[in-house]
Amino acid sequence: MCTGAIEQAAVSGSGKGAQGWFPLRHAQVYYDHPFHAPLEAALMIDFVNEEQGPGARVAVELSAESARELVQMILTALETGAHHGAGAA
């Protein structure tokens, strides 16, 4: 199923890896065979800071259903937070 399609974007935030917290600079999202999750295919999200080396990476592998649910939860949280004055949406 190797899709070969990788979506990439610059991001601003923080991630916690084995060495502790680090600034996030980049995200990659793709749908392919997972490396670890016991799934036929998964949505993979990698948050990285390439300037800090391979230890500055947070990787996630999700089932398609879980990824869709996560998208909805993120959108709901952003909308709810914006209505409660938690910052710009």
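The values are calculated or read from the model by the stated rules, or taken from the named source; none is laboratory data. Predicted model only: the values in this text are computed from it and were never measured. For neighbour counting, all protein chains shown are included, and Cβ atoms are generated from backbone atoms with ideal geometry for every residue, glycine included.
So for region 22-34 (the condition being assigned to a helix (DSSP H, G or I) and under 11 Å from the mean Cα position of the chain (by Cα)), does at least one residue qualify? Give the derivation first.
Of the residues in region 22-34, the ones assigned to a helix (DSSP H, G or I) are none.
No, that holds for no residue.
Among the residues of region 35-62 satisfying the criterion of being in contact with a Phe, Trp or Tyr (Cβ under 6 Å, 6 or more places away or on another chain) and assigned to a strand (DSSP E or B), which is nearest to Gly15 (Cα to Cα)? First the steps, then the outcome.
As a first pass, look at region 35-62 and keep what is in contact with a Phe, Trp or Tyr (Cβ under 6 Å, 6 or more places away or on another chain): 43-44, 49, 52, 56, 58.
Now drop any that are not assigned to a strand (DSSP E or B), which leaves 43-44, 58.
On the way: Leu43: 19, Met44: 16, Val58: 7 Å.
In this case the residue turns out to be Val58.
Within region 26-36, how many residues turn out to be farther than 11 Å from Asp46 by Cα and either modelled with pLDDT of 95 or more or not hydrophobic (A, V, I, L, M, F, W, C) (or both)? Before the answer, list the steps.
Of the residues in region 26-36, the ones farther than 11 Å from Asp46 by Cα are 31-36.
From the residues that got through so far, the ones that are either modelled with pLDDT of 95 or more or not hydrophobic (A, V, I, L, M, F, W, C) (or both) too are 31-34, 36.
Here the count works out to 5.
If you go through region 64-76 one residue at a time, do you hit one that is surrounded by 10 or more Cβ atoms within 10 Å (Cβ to Cβ) and assigned to a strand (DSSP E or B)?
So far as region 64-76 goes, no, none of its residues is surrounded by 10 or more Cβ atoms within 10 Å (Cβ to Cβ) and assigned to a strand (DSSP E or B).
If a residue has to be surrounded by 10 or more Cβ atoms within 10 Å (Cβ to Cβ) and either of a type in the set (Phe, Trp, Tyr) or within 14 Å of Val60 (Cβ to Cβ) (or both) to count, how many in region 22-50 make the cut?
Count: 18.
I'm checking my understanding of the structure. Among residues of region 12-21 that are small (Gly, Ala, Ser) and at pLDDT 95 or above, which one is surrounded by the most Cβ atoms within 10 Å (Cβ to Cβ)? Let's see the steps before the verdict.
Taking region 12-21 first, the residues small (Gly, Ala, Ser) are 12-15, 17-18, 20.
Filter once more, keeping what is at pLDDT 95 or above: 12-15.
Values: Ser12: 7, Gly13: 9, Ser14: 11, Gly15: 19.
Only one residue tops the list, namely Gly15.
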